[in-house]
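Participant: The structure follows.
The values are calculated or read from the model by the stated rules, or taken from the named source; none is laboratory data. If you're wondering where the values come from, they're calculated on a predicted model, not measured in any experiment. Note: ideal-geometry Cβ built from the backbone for every residue, glycine included; neighbour counts use all protein chains shown. The area values use the complete protein model at the heavy-atom level, side chains included, leaving out ligands, DNA and RNA. Shrake-Rupley method; radii C 1.70, N 1.55, O 1.52, S 1.80 Å.
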Amino acid sequence: MELEKIFKGAKDFLPLLGTDYVEFYVGNAKQAAHFYKSAFGFQSYAYKGLETNSTDCVSYVLVQDKIRLVLTSPLNSKSPINDHIVKHGDGVKIIALWVEDAEKSWEETTSRGAKSFMKPTVEKDEHGEIVRSGIYTYGETVHIFVERKNYKGTFLPGFQKWESPYESEPVGLKYIDHMVGNVGWNEMNTWVKFYEDVMGFVNFLSFDDKQINTEYSALMSKVMSNGNGRIKFPINEPAEGKKKSQIEEYLDFYEGPGVQHIAVATDDIISTVSKLRSRGIEFLSTPPDEYYKAVPFRLEEHNHQLKEDIETLKGLGILIDADEEGYLLQIFTKPLQDRPTLFFEIIQRVGARGFGAGNFKALFESIEREQAKRGTL
Ligand code: FE2
């Protein structure tokens, strides 16, 4: 795959250094923070709330290696955050991107048609200054551009260091590999064009409903990447099937487009998933024996040798996919809140740069088993 050539097609008017943070709007940030700490091994990092003169909302910032999660709840009925939670339930509001120049990022994107969420704004404290700006993407989801080269404090001005008497052992989550958006019927190409035209991304992989389907349902997906390949946003739309697709179920319960899953990378998926399971995280059901019997052949086709023990992978329900460059190991959690919306993927790449297309069928069949239990298939 000539990925480097494809990435060169990206335009460089919006250089992105990485994902800065992901902010969730949730009903009870205090309890959500405890869940992501105790179950997922995130560490306490920063806090704002009544104690720091934030009278409108409270935010807990959690960190694990390069991943920063922000969990935010409103503190009164007037906060607009309430409307987001009433409509969508708990979910991702902000995918923040780390940039050299937040003002230029806003100008380049809004001049290309992005709807502004936040004009370039300087925030200061004794540790320096941060510039942030923001634009809307699909649904009510937002990209915030964060310029932090002149800041030495904890997270952002307005936050204090969060010293907690309780920390859990990290589970080995390292960085965000990709974040997937679900959009409505026939909207995928609109958002592909948005990422191309407004943000200078390139479409480097596509899957149509012929590739991603089961007996019952189907979806289409296109993977968008920025020029350095650090930011990858697959965009899904539902496709016609005999029964309701998982994307439709998401759109019904999130009441519109939004972030479907956050894929986080680990160097040792066996250790990570063992720890997550022991802490009560539930994953989609393990595929049948036939799936694992076929794995050696799928790897041999591409001349790769599985380093991990297949019985251990099977015992944990970890999926395996291979392409010409290597293989990848992945697993998907069940939804992380009561609405069947957002979930996490845990992924370990051993050379492969794909997204597990070879697993889609096995994966969707197990999602459909869950949908059938919910009566939404
Ligand atoms: Fe994924």
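Participant: Look through 363, 336 and report the one residue that is outside any strand (DSSP E or B), within 16 Å of the ligand (Cβ to nearest atom) and in contact with a helix residue (DSSP H, G or I) (Cβ under 9 Å, 6 or more places away or on another chain). Break it down stepwise before answering.
Facilitator: Numbers: 363 fails: in contact with a helix residue (DSSP H, G or I) (Cβ under 9 Å, 6 or more places away or on another chain).
After ruling out the rest, the residue left standing is 336.
Participant: Continuing with the same structure: Looking only at residues that are open to solvent by less than 10 Å² (accessible area, probe 1.4 Å) and either part of a loop (DSSP other than H, G, I, E, B) or in contact (Cβ under 8 Å) with a residue 60 or more places away in the chain (or both) in the stretch 292-329, which one is farthest from the ligand (Cβ to nearest atom)?
Facilitator: 317
Participant: Right, something else. Is it true that residue 241 is among the small types (Gly, Ala, Ser), more than 18 Å from the chain's Cα centre (by Cα), in the same structural domain as residue 364 (by TED's automatic domain parsing) and over 22 Å from residue 88 (Cα atoms)? Explain how you work it out, then say what you get.
Facilitator: On the way: among the small types (Gly, Ala, Ser): yes; more than 18 Å from the chain's Cα centre (by Cα): yes; in the same structural domain as residue 364 (by TED's automatic domain parsing): yes; over 22 Å from residue 88 (Cα atoms): yes.
So residue 241 passes the test.
Participant: Check off (1) within 16 Å of the ligand (Cβ to nearest atom); (2) not β-branched (Val, Ile, Thr); (3) not assigned by TED's automatic domain parsing to the domain that holds residue 266 for residue 149 and give me the number that stays unchecked.
Facilitator: All conditions pass for residue 149, except number (1).
Participant: Considering only the stretch 163-175, state which residues are more than 20 Å from residue 345 (Cα to Cα) and either within 16 Å of the ligand (Cβ to nearest atom) or buried (at least 19 other Cβ atoms within 10 Å of the Cβ) (or both).
Facilitator: Kept after step one, since they are more than 20 Å from residue 345 (Cα to Cα), are these residues of the stretch 163-175: 163-168.
Passing the criteria: none in range.
Participant: Also: Can you pull out the residues in the stretch 296-320 that are hydrophobic (A, V, I, L, M, F, W, C) and modelled with pLDDT of 85 or more? Outline the logic, then answer.
Facilitator: If we filter the stretch 296-320 for residues that are hydrophobic (A, V, I, L, M, F, W, C), which is where we start, we get 297, 299, 306, 310, 313, 316, 318-320.
The answer is 299, 306, 310, 313, 316, 318, 319, 320.
Participant: Just to be sure I understand, how many residues within the stretch 263-281 are over 19 Å from the mean Cα position of the chain (by Cα), touching a residue at least 24 places away in the same chain (Cβ under 8 Å) and part of a helix (DSSP H, G or I)?
Facilitator: Summing the residues that are over 19 Å from the mean Cα position of the chain (by Cα), touching a residue at least 24 places away in the same chain (Cβ under 8 Å) and part of a helix (DSSP H, G or I) in the stretch 263-281 gives 5.
Participant: Another question about this same structure. Kindly establish whether residue 224 is within 16 Å of the ligand (Cβ to nearest atom), among the hydrophobic types (A, V, I, L, M, F, W, C), farther than 30 Å from residue 66 by Cβ and part of a strand (DSSP E or B). Give the derivation first.
Facilitator: Working: within 16 Å of the ligand (Cβ to nearest atom): yes; among the hydrophobic types (A, V, I, L, M, F, W, C): yes; farther than 30 Å from residue 66 by Cβ: no; part of a strand (DSSP E or B): yes.
Answer is no for this residue.
Participant: Quick one: in the stretch 176-198, of everything that is β-branched (Val, Ile, Thr) and either within 16 Å of the ligand (Cβ to nearest atom) or open to solvent by 70 Å² or more (accessible area, probe 1.4 Å) (or both), which residue is nearest to residue 140 (Cα to Cα)?
Facilitator: Only one residue fits best here, namely 183.
Participant: Additional query: On the basis of being at pLDDT 95 or above, farther than 23 Å from residue 157 by Cα and not assigned by TED's automatic domain parsing to the domain that holds residue 325, does residue 86 make the cut? Can you show your working first?
Facilitator: Numbers: at pLDDT 95 or above: yes; farther than 23 Å from residue 157 by Cα: yes; not assigned by TED's automatic domain parsing to the domain that holds residue 325: yes.
Yes, satisfied.
Participant: Same structure again: Just need a number here: residues in the stretch 349-360 that are assigned to a strand (DSSP E or B) and either within 19 Å of residue 236 (Cβ to Cβ) or within 13 Å of the ligand (Cβ to nearest atom) (or both). Don't jump to the end; show me each part of the working.
Facilitator: Applying the first criterion (assigned to a strand (DSSP E or B)) to the stretch 349-360 yields 349-351.
Now drop any that are not either within 19 Å of residue 236 (Cβ to Cβ) or within 13 Å of the ligand (Cβ to nearest atom) (or both), which leaves 349.
So the answer is 1.
Participant: Taking residue 46 as meeting all but one of (1) outside any loop (DSSP other than H, G, I, E, B); (2) open to solvent by 30 Å² or more (accessible area, probe 1.4 Å), write down the number of the exception.
Facilitator: Looking at each condition in turn, residue 46 falls short on (2).
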